[in-house]
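The values are calculated or read from the model by the stated rules, or taken from the named source; none is laboratory data. The shown structure was predicted, so the numbers you read here are calculated from the model rather than taken from an experiment. Reconstructed Cβ throughout: ideal geometry from the backbone, glycine too, with neighbour counts over all protein chains shown. What goes into the accessible areas is simple: the full protein's heavy atoms, side chains included, and nothing from ligands, DNA or RNA. Shrake-Rupley method; radii C 1.70, N 1.55, O 1.52, S 1.80 Å.
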Amino acid sequence: MSKTWRPATKLVHEGTLRSPYGETSEAIFLTQGFVYESSASAEARFKGETDGFIYARYGSPTNDMFEKRMIALEGAEDARATASGMAAVAAAILCQVKAGDHIVAARALFGSCRYIVETLAPKYGVECTLVDGRDIKNWEAAVRPNTKVFFLESPTNPTLEVVDIAAVAALANQIGVKVVVDNVFATPLFQKPLELGAHIVVYSATKHIDGQGRCLGGIVLSDKQWIDENLHDYFRHTGPAMSPFNAWTLLKGLETLPLRVKQQTENAAKIADFLADQAKVAKVIYPGRKDHPQADIIAKQMTGGSTLVCFELKGGKAAAFAFQDALKVVRISNNLGDAKSLITHPATTTHKNLSEEGRAEAGITGGTLRLSCGIEDAEDLIDDLSQAIAKIGG
């Protein structure tokens, strides 16, 4: 495959492995195991002396195609596809720490991501410090001699805060710490954490990569040495492998990723501008707007806005519920990155397990809503939002 291909071409052709039948669409290899020509060939494959697949928990031809396509898009050396986005997050963090180590994480995280670093890791003797990730001084102040991992989302879920990835990576490299970036909200099209100095990138492929509400999936991408030394054995022995059928579905999703994300982002920008003019809207946060608090960082590390808009309605939870319930095109769901527009009330769903103080620190109020913009006509979406706003009391 050509290294000069642009993303849209890579996402159609990269990593394709055809069987002797010469199929146009990638084949699905629904098998748990593989057979060998001889006892000696089985021994050689298990020793790593010859290439080939051993067991679907370790890898399969369909999964391999998905991984290679994502590697080409992300600019990574190696990857492992997982059963879900949270399997990817857990693997990327836990595979490289042990009892006595320390993690520093940005506090603005998806609820399950916070659980991994704030609750699960400490059960195994790994300490964690949560910081306001927007200021590099907070990362510096949190570092300890036993710090091994920095973990962050950018933009964050749901308030679309932005972390200066290059600055965090520069600090990490000074002290020998690995940076893990959850890049879901930026998509691999708008932000390249590895190019900014991060070491590991994770995705919930459930989101934009599938983007059509069909299946779960995740992926961890990094350099080959890190994966060989950290993730490889963890992955083989704990079993977070992706289903080959899901890998095939995600391959199909990648083919249309640029088309969908372009339309979703254009819609999001128009909707953000519309919401900013509404009297019943207290605040709008969107990475494509000049009034974003970190517009300067966005300009240097992102090549596009986002498919998501965060906004706060005046009137708190009651107003947010009345607004959501009045929507006719936009549907209430905790998912995002879908071809359909979806809206979420984080305080009562995705971030409900955070303490009230934790939600306040993350900027989540009763009136906060996260809108994932789909590929519908932007004017139909705006009409829907407009009529729902009109039904809010007060």
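At the listed q of 0.23 Å⁻¹, the Debye profile of the range 48-166, built from one uniform point per Cα, gives log10 I(q)/I(0) equal to -1.29. Between 158, 20, 258, the GNM of the chain built on Cα springs shorter than 10 angstrom shows 20 fluctuating the most.
As an equivalent ellipsoid, the range 224-296 spans semi-axes of 39, 19, 12 angstrom, where each value is the square root of five times an eigenvalue of the C-alpha gyration tensor, largest first. For the cross-link pairs 300/340; 317/340; 178/300; 123/148; 123/224; 270/300, the ones whose C-alpha atoms lie over 20 Å apart are 300/340; 317/340; 178/300; 123/224; 270/300.
With Rh defined as the Kirkwood radius, the inverse of the mean 1/r over Cα pairs, the Rg/Rh of the range 335-394 is 1.05. Using every pair of separate Cα atoms, the Kirkwood estimate puts the hydrodynamic radius of the range 269-380 at 14.6 angstrom. For the chain, the Kirkwood hydrodynamic radius comes to 21.8 Å, computed from all pairs of different C-alpha atoms.
Given +1 on the Cβ of Lys and Arg, -1 on the Cβ of Asp and Glu, and no further charges, what dipole in debye does the chain carry about its Cα centre, rounded to the nearest 20?
Magnitude of the dipole: close to 420 debye.
Applying 0.36 nm per residue to the separation of residue 280 and residue 3 and subtracting their alpha-carbon distance, the gain on full extension is 94.8 nm.
Here the range 1-102 is assigned +1 on the Cβ of each Lys and Arg and -1 on the Cβ of each Asp and Glu. Its dipole about the Cα centre then comes out at about 220 debye. Computed over protein heavy atoms with a 1.4 angstrom probe, the accessible surface ordering of 151, 321, largest first, is 321, 151. If you run the Gaussian network model on the chain, springs between alpha carbon atoms under 10 Å, then out of 32, 324, 96 the most flexible one is 32.
Remark on the range 203-360: hydrodynamic radius 18.2 angstrom, per the Kirkwood mean of 1/r across alpha carbon pairs.
For the range 126-211, the Kirkwood hydrodynamic radius from C-alpha pairs, put into Stokes-Einstein at 25 °C and a viscosity of 0.890 mPa s, yields a diffusion coefficient of 185 µm² per second. Considering only 288, 315, 304, the mean-square fluctuation computed in a Gaussian network model of the chain, springs between alpha carbons under 10 angstrom, is largest for 315. For the chain, averaging the sequence separation of C-alpha pairs within contact (under 8 Å, six or more residues apart) and dividing by the residue count gives a relative contact order of 17 percent.
For residue 328 and residue 34, what is the calculated FRET efficiency with R₀ set at 41 Å and r taken between the beta-carbons, to the nearest 0.05?
0.20
Consider a paramagnetic label point 7 Å from the Cα of residue 57 along Cα→Cβ; state which residues of the range 68-104 have an amide N under 15 Å from it. Inside the label zone: 83.
Solvent-accessible surface of the range 127-202, taken per residue with a 1.4 Å probe and all protein chains present: 32 Å². What FRET efficiency comes out for residue 41 versus residue 262 if R0 is 51 angstrom and r is the Cβ-Cβ distance? Round to the nearest 0.05. Efficiency for this residue pair is about 0.60. Segment residue 291..residue 379, full-extension length gain: 29.4 nm, with 0.36 nm per residue of separation and the alpha-carbon distance subtracted. A protection proxy built from the mean count of other Cβ atoms within 10 Å ranks the segments 105-113, 164-172, 182-190, most packed first, as 182-190, 105-113, 164-172. Between residue 173 and residue 273, full extension at 0.36 nm per residue minus the direct alpha carbon distance yields a gain of 32.1 nm. Here, the range 16-81 has an Rg and a Dmax of 13.3, 38 Å when only alpha carbons are counted. Between the Cα long axis of helix 61-74 and the first principal axis of the chain there is an angle of about 50°, rounded to the nearest 10.
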